[in-house]
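What follows is a single structure, written as structure tokens, with notes after it.
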């Protein structure tokens, strides 16, 4: 899940047991907060997430807590992310008509 909170906003839950599996670190620079609007899996190891704290979306390998890449929307909030082809093609979109496409290898 992605939550609109300043820190520890990205979490992996086991809904079968209703327990928190882990908090996934979302990359922020000094002085930034997370404030996530969107989070979704793009394959079995990678989650996409973004929001208004960093004005960017990140692809994160949650098993290894590794940031695989960022799509920055300048000063615009990321409101949605999506992927196809098992996470090979990624889209991040937000306010002011921003739509950014990327590939993940």
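Since every read-out is calculated from the coordinates, none of them should be taken as a lab result. Worth saying up front: this structure is predicted, and the values here are computed from it rather than measured. Counting neighbours? That spans all protein chains shown, and the Cβs are built from the backbone with ideal geometry, glycine included.
Length available on full extension from residue 8 to residue 23: 0.36 nm per residue minus the Cα-Cα distance, which gives 4.8 nm. Comparing Cα centroids, segment 1-28 and segment 44-79 end up 14 angstrom apart.
Summary of packing: across the peptides 97-103, 85-91, the per-residue average of other C-beta atoms within 10 Å ranks them, highest first, as 85-91, 97-103. Across the chain the C-alpha pair distances fall into 5 Å bins from zero in the proportions 3, 14, 25, 26, 19, 9, 3, 1, 0 percent.
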